[in-house]
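J.: Sending over a structure as structure tokens; questions will come in a sec.
The values are calculated or read from the model by the stated rules, or taken from the named source; none is laboratory data. As the structure is a computational prediction, the values presented were derived from the model and not from experiment. No Cβ is skipped: glycine too gets one built from the backbone with ideal geometry, and neighbour counts run over all protein chains shown.
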Amino acid sequence: MLISAHPVSVDAKGRVSIPARFREHLSATYGDQVVLLGKDGCIFVYPVREWKRKFSEKLSELSTSTKEVRRTLRRLYGRAVSCEFDRQGRILLPAKLRSNSSIEKDAVVAGIENRLEIWDKAKWDEEVEDGESGAADEESAEDLIEFEF
């Protein structure tokens, strides 16, 4: 399971080193290929097997006869990027995903159960602070469990 958050730096080429404990867990459990997706002001990093389980398998069952399904597929797959760890345990964060997530130099890699989230350090601090101060949306646990993204 992926838990905790670690500050990291983004190098001049847009690469970020994934903390060893996360990398070891991902490699041992899922392999070295991941899918990146910009969402919620950060970059989600899904192991390919988790990407398939959460998205591909479910979405492939939907009928593409409706415009909304086709639009959803385009948005999801069009924004996703496949990559793998290099020999130093880094992944390349594409410029568009970095820009959309405001990630420049200082970032945070957070383990969230079966995926990673990469945040701009300042935005991460705001996100965590908002949640701790009670300013976060008050959604019921039932709503959170039903919504899986």
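J.: So, restricting to strands (runs of 3 or more DSSP E) that lie completely within the stretch 1-42, which ones have at least 1 residues that are at positive phi and in contact (Cβ under 8 Å) with a residue 40 or more places away in the chain? Spell out the reasoning first.
T.: Details: elements: 2-9, 15-17, 33-39.
The qualifying strands (runs of 3 or more DSSP E) are 2-9.
J.: Among (1) surrounded by 15 or more Cβ atoms within 10 Å (Cβ to Cβ); (2) within 15 Å of the chain's Cα centre (by Cα), there is one condition LYS96 misses while meeting the rest; what is its number?
T.: The failed condition is (1).
J.: Considering only the stretch 12-31, how many residues are surrounded by 14 or more Cβ atoms within 10 Å (Cβ to Cβ) and closer than 21 Å to ARG98 by Cβ?
T.: Let us first name the residues in the stretch 12-31 that are surrounded by 14 or more Cβ atoms within 10 Å (Cβ to Cβ), namely 14-19, 22-23, 25-27, 30.
Still in the running and closer than 21 Å to ARG98 by Cβ: 14-19, 22-23, 26.
Matching residues across the stretch 12-31 total 9.
J.: Could you list all residues from the stretch 72-103 that are at pLDDT below 95 and part of a loop (DSSP other than H, G, I, E, B)?
T.: Result: ALA80, PHE85, ASP86, ARG87, GLN88, GLY89.
J.: Also: Would you mention how many residues in the stretch 1-35 are in contact with a Leu (Cβ under 6 Å, 6 or more places away or on another chain) and closer than 16 Å to LEU76 by Cβ?
T.: Total meeting the criteria: 0.
J.: How about the stretch 47-63: which of its residues are outside any helix (DSSP H, G or I) and crowded, with 21+ Cβ neighbours inside 10 Å?
T.: Here is the first cut: in the stretch 47-63, the ones outside any helix (DSSP H, G or I) are 47, 60-63.
Selection gives PRO47 alone.
J.: Can I ask one more? Please verify whether the stretch 24-36 includes one or more residues that are at pLDDT 90 or above, out of contact with any Phe, Trp or Tyr (no Cβ under 7 Å at 6 or more places or on another chain) and either more than 25 Å from LEU2 (Cβ to Cβ) or of a type in the set (D, E, K, R) (or both).
T.: Yes: one or more hits.
J.: Also: Quick check on my filter: what residues within the stretch 72-91 are in contact with a strand residue (DSSP E or B) (Cβ under 7 Å, 6 or more places away or on another chain), surrounded by 12 or more Cβ atoms within 10 Å (Cβ to Cβ) and within 15 Å of LYS52 (Cβ to Cβ)?
T.: Correct list: ALA80 only.
J.: Moving on to the next point. Suppose we keep only residues that are touching a Lys or Arg at 6+ places or on another chain (Cβ under 8 Å) and at pLDDT 55 or above within the stretch 104-148. Which one would you say is surrounded by the most Cβ atoms within 10 Å (Cβ to Cβ)?
T.: Step one: list which residues in the stretch 104-148 are touching a Lys or Arg at 6+ places or on another chain (Cβ under 8 Å), which gives 104, 106-108, 148.
Then keep just the ones that are at pLDDT 55 or above; that gives 104, 106-108.
Values: GLU104: 13, ASP106: 14, ALA107: 26, VAL108: 22.
So, considering only residues that are touching a Lys or Arg at 6+ places or on another chain (Cβ under 8 Å) and at pLDDT 55 or above, the one surrounded by the most Cβ atoms within 10 Å (Cβ to Cβ) is ALA107.
J.: Would you say SER9 is of a type in the set (Ser, Thr, Tyr), under 16 Å from ASP120 (Cβ atoms) and surrounded by 16 or more Cβ atoms within 10 Å (Cβ to Cβ)?
T.: Details: of a type in the set (Ser, Thr, Tyr): yes; under 16 Å from ASP120 (Cβ atoms): yes; surrounded by 16 or more Cβ atoms within 10 Å (Cβ to Cβ): no.
When the stated conditions are applied, SER9 does not pass them.
J.: Of all residues in the stretch 56-91 being under 13 Å from the mean Cα position of the chain (by Cα) and not hydroxyl-bearing (Ser, Thr, Tyr), which is nearest to ALA5 (Cα to Cα)? Spell out how you get there, then give the answer.
T.: The first filter runs over the stretch 56-91 and keeps only residues under 13 Å from the mean Cα position of the chain (by Cα), leaving 76, 79-83, 91.
Among the residues that remain, those that are also not hydroxyl-bearing (Ser, Thr, Tyr) are: 76, 79-81, 83, 91.
Working: LEU76: 26, ARG79: 24, ALA80: 23, VAL81: 23, CYS83: 21, ILE91: 17 Å.
For the stretch 56-91, the residue satisfying everything is ILE91.
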